[in-house]
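Reading through the structure tokens given below for one structure.
Where a number appears in this text, it was derived from the coordinates with a stated rule and is not lab data. Quantities reported herein were computed from a predicted structural model and do not represent experimental measurements. Neighbour counts run over all protein chains shown; Cβ positions are idealised from the backbone, glycine included.
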Amino acid sequence: MNKIAILASGTGTNAENIYRFFSNGNRVKVELVIYDRRNAPVAERMRALGADTLYLPAEVWEQRPQEIVDLLTQRGIDLVVLAGFLRFIPTPLTEAFKGRIINIHPSLLPAYGGRGMYGHKVHEAVIAAGEVESGVTVHYVTEEMDGGEILLQERVAVDPTDTPESLEAKIRRIEFDIYPRAIVAALTRMPRRPGEEWAEKLGVAYDPTKLPPHYPGAVPPPVANAATQAPPHEETPAATTPKGYAEVLQRAYGDDVPKMPPAYLVWAVVMTVLCCLPAGIVAIIFSSQVSSKYYAGDIEGAQRASDRAQIWIIVSFVLGVLTNTLYLPVALLFN
Ligand code: GRF
């Protein structure tokens, strides 16, 4: 599950569209919606949908940007999505989330971008210049305003009868279509976190914010902080013992504690019965270690066991095939 944070300052129609789009699946979660204007309509709009919202005033953006980096890291945010966010992104954030912040702009960047070019002003400028086409750009956010690499761009014709309002309406429809797709594209381009690929292969729900703190790749839970109004930090049970880890899982996932699929074990048993007995038994031993090590909190050990189980399942298969095919010729040779 990838987590995104949406940053918005205004009405929030894009934020709502993104939230609704990803509510239908389980690959991307809108973890948090951050807004920087106390009365921004986006806050109420998103709360009504059940989203987790957080107000971060100008003072935090300007004087304590590292707190924002810490908050996003602690919440396990993979991608920061700007949707009508009118504030300059502070350097600590662009550095910590390099290649992981995207923005949508209602023009064909680099045209009609930069300082002062936002919202209605963009469409007014496009019409005033007599342009025959405009569009939408989703780009990465860097130090340079509206200047990062372009991820997706879509064009729209500007008709002679178009007004800034009609052009804005056309562009809004494209934004609703393009932004969720751009989010998926940006997430797909990002390198996997340690353990994620392996967990996906086994069908395990992997969430680094829900791992016990000593795990490789674990992200600490949110810490209480007056400025960010994060939920109070609860003591994490000692997770060094199997019981501790089971408790951590139970607290993190409630009744939906992820189950380790018996995938390798089933294959190992099948190979033992059908193919090669000794190699199959070795595969069974390693397969059974995957679950036991996982629940004992030894994720790396479980990963190693699953790699070995895979190898021995293949060895068992190959030996089984060789034994069956060579049995007849060898028997004939020695008789
Ligand atoms: C959109 O037009 C977007 O392109 C620009 O700001 C506007 C946000 O609108 N960056 P909304 O707040 O999502 O309704």
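Before moving on, here are some points about what is shown:
- Other residues lying with their Cβ under 9 Å from the Cβ of Leu86 contribute a combined charge of +1, Lys and Arg counting +1, Asp and Glu -1.
- Inter-label distance for Glu143 and Glu44, nm, one decimal - labels placed 7 Å from Cα along Cα-to-Cβ: 4.1
- Each peptide in 321-333, 8-20 receives the mean, over its residues, of other Cβ atoms within 10 Å, and ordering these scores from highest gives 8-20, 321-333.
- Near-label residues of the range 301-316 by backbone N, under 15 Å of a point 7 Å along Cα→Cβ of Leu326: 315-316
- Model label points for Thr91 and Arg27, set 7 angstrom from Cα along the Cα-to-Cβ axis, are 3.7 nm apart.
- Cα convex hull of the range 1-116, projected area averaged across orientations, nm²: 7.4
- A full extension of the chain between Val266 and Leu333 corresponds to an added length of 20.5 nm, given 0.36 nm per residue minus the alpha carbon distance.
- The distance between label points at Ser288 and Asp52 comes to 3.9 nm (points 7 Å beyond Cα on the Cα→Cβ vector).
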